[in-house]
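Peer 1: There's a structure below that I have some questions on.
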Amino acid sequence: MAVVLAKLYGVDRDLENRLKSRGIKDSEDLLLRYRACGDFSGLAADLGLDEETARCLANRAQLARIRGIGQSYTMLLEAAGVKTVQDLAVREPEQLRSQFENINEAAGIVGRVPALPMVNGWVMKAQKAPQL
């Protein structure tokens with residue numbers, strides 16, 4: 001499922017305009033460009049970004065493919081140490097949800113921590129997702 005750039009965590013208006021000027025209008029375009037470039041350094045060079053920004057954007061675009069993971073939940077996942085779909089695939093849903101509760105209590109990232117069935121679904125989808 002494609003996510004418009006403005007809804008991808010970490011994409012401000014300036015970055016959105018830079019990506020659009022290079023023909024990238026959504027998360028799927030970004031992932032296609034990544035595959036065409038072959039790696040994060042190639043993507044960074046192609047888009048005029050530093051490698052860490054390119055890596056984060058590609059990883060966030062892949063996380064956004066999982067239904068229910070938007071900007072806020074991406075922030076929560078990253079705060080819990082989940083930066084990639086592969087990170088999510090190896091997590092225990094119960095432990096991850098507990099970690100979400102602790103993080104959110106301290107930082108107030110989201111209005112409501114995702115329910116265990118939702119987290120379980122994310123982990124299962126991540127386990128079936130293609131790798132970058």
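Peer 1: When the Karplus curve 6.51 cos²θ - 1.76 cosθ + 1.60 is applied with θ = phi - 60°, which whole-Hz ³J(HN,Hα) does each residue of region 84-92 get, with x for Gly and Pro?
Peer 2: So the Karplus estimates, Gly and Pro as x, are 9, 4, 5, 4, 5, 4, 9, 8, 8 Hz.
Peer 1: Mind jotting down the distance between the C-alpha centroids of region 1-40 and region 63-130, whole Å?
Peer 2: Between the Cα centres of region 63-130 and region 1-40 lies a distance of 22 Å.
Peer 1: Mind scanning K83/K128; K25/K83; K25/K128 and naming the pairs with a C-alpha gap bigger than 24 Å? Could the numbers behind the result be given before it?
Peer 2: On the way: K83/K128 17 Å; K25/K83 22 Å; K25/K128 26 Å.
Violating the 24 Å Cα-Cα cut-off are K25/K128.
Peer 1: For every other residue with a beta carbon closer than 11 angstrom to the beta carbon of V113, add +1 if it is Lys or Arg and -1 if Asp or Glu, then tell me the sum.
Peer 2: Working: positive: R97, R112; negative: E101, E105.
Value of the local net charge: 0.
Peer 1: Here's something else I'd like to know. Which whole-number percent is the relative contact order of the chain (Cα, under 8 Å, 6+ apart)? Working shown, then result.
Peer 2: Values: 155 pairs, mean separation 30.1, N = 132.
Contact order relative to length: 23 percent.
Peer 1: Show the residues, 5+ positions off or on another chain, whose built amide H is closer than 5 Å to the amide H of G10.
Peer 2: Here the answer is none, since no amide H 5 or more places off falls under 5 Å of that of G10.
Peer 1: Calculate log10 I(q)/I(0) of the chain for q = 0.16, 0.17 Å⁻¹, where I(q) comes from the Debye formula with a single equal point scatterer on each Cα and nothing for solvent.
Peer 2: Per q value, in the given order, log10 I(q)/I(0) is -0.78, -0.87.
Any read-out appearing in this document is the output of simple, stated calculations on the displayed coordinates, not a laboratory observation. Everything quoted here is computed from the prediction, not taken from an experiment. Glycine also receives a Cβ, built like all others from the backbone with ideal geometry; neighbour counts cover every protein chain displayed.
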